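Let me begin by presenting the structure, written as structure tokens, before commenting on it.
Throughout, read-outs are computed from the coordinates displayed, never taken from laboratory work. A quick note: this is a predicted structure, and the numbers were derived from the prediction, not measured. Cβ coordinates were reconstructed from backbone atoms using ideal geometry, including for glycine residues, and neighbour counts include every protein chain displayed.
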């Protein structure tokens, strides 16, 4: 079988390719478990404060742009598809297709981040950054509840951390593209693509939960009793 | 399925499977946005149980499960990987359960 740039696809400490592949996946899953608990902590904080200050959370959520959030959700789902197709291409040894799918994944990730920039700027313009810059518009002469800052603290912390993970993910994709263009992958050895895919899908899953919990709360309340 | 790509039993998922899962994820997104605008209440024994959050989390959980099983290949992986993936979510459930049990049983 043809090898590209490496003496053997199997590192010396492994019995065979399958064991090496499994070890790599387990390693990434172990890391993802720590990430689940990391984001889980923030989701727990969200749950606690939302339970305590439900109305402030609904009001905070009403300031978020649902179409933009939904569009971003679709963008990430498409990027997960393109990532899965990149892994698929790697499994079949199709270098050009793999590079193309990776490039598309990067573009979609970039689009997601671009929308986040637009959203963050909008929050800044409306004085919705908690702390010293907190200066929201008074609706009907009444100031929004101070607890609404808790919602936005969590909004920025959770989507900010998520965005940071996206940036890192894009960096990883770029590295993968470089490796792919240099012919480092083959149907026997494509483990880096597979485990990077696991990371990217995980970041997508985090957003799948972030979107309804941040953007869609209280929509039925506001509409029903508005 | 391509025989040459099946090394040591590693399964190549067909593109058609990915596309079906993708369609399901998009449908789930549309569903969760649409459902958010309606009062979803469950009437039982004279009580009204608000279900919007539950429905939203169920939809999100289903989408996440589809991503984990198919995009992350867990459905086609060994039991050991399945255990690792499940363990992560198990400990997350413990985190939620114990924390919320604490806060929601307080009078203050």
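Quick notes on this one:
- Shielding score for A:27-40, defined as the mean number of other chain Cβ atoms within 10 Å: 4
- Inter-chain shielding of A:194-203 (mean C-beta neighbours from other protein chains, 10 Å cut-off): 3
- Between helix B:52-66 and chain B: long-axis angle, C-alpha atoms, 0 to 90°, nearest 10: 10
- Averaged over B:46-53, number of beta-carbon atoms from partner chains that fall within 10 Å: 2
- Which of A:50, B:106, A:184, A:178 has the fewest Cβ neighbours within 10 Å, and the rest in rising order: B:106, A:178, A:184, A:50
- Between helix B:15-36 and chain B: long-axis angle, C-alpha atoms, 0 to 90°, nearest 10: 10
- When both region A:46-80 and region A:145-211 are represented by their alpha-carbon centers, they are found 19 Å apart.
- Across chain A, Cα pairs under 8 Å and at least six residues apart give a relative contact order of 34 percent.
- Seen against the Cα atoms of chain A and their longest principal axis, helix A:191-215 is set at about 10 degrees.
- At 0.692 mPa s and 37 °C, Stokes diffusion of chain A via Kirkwood alpha-carbon radius, µm² per second: 168
- Sequence-distant contacts, meaning Cα pairs under 8 Å at least 6 residues apart, place the relative contact order of region A:133-226 at 29 percent.
- Dividing the mean sequence gap of close Cα pairs (under 8 Å, 6+ apart) by how many residues region B:3-77 holds gives a relative contact order of 28 percent.
- Sorted fewest first by neighbouring Cβ atoms within 10 angstrom, A:139, A:59 come out as A:139, A:59.
- Counting neighbouring beta carbons within 10 Å and listing from fewest to most, the residues B:53, B:29 come out as B:53, B:29.
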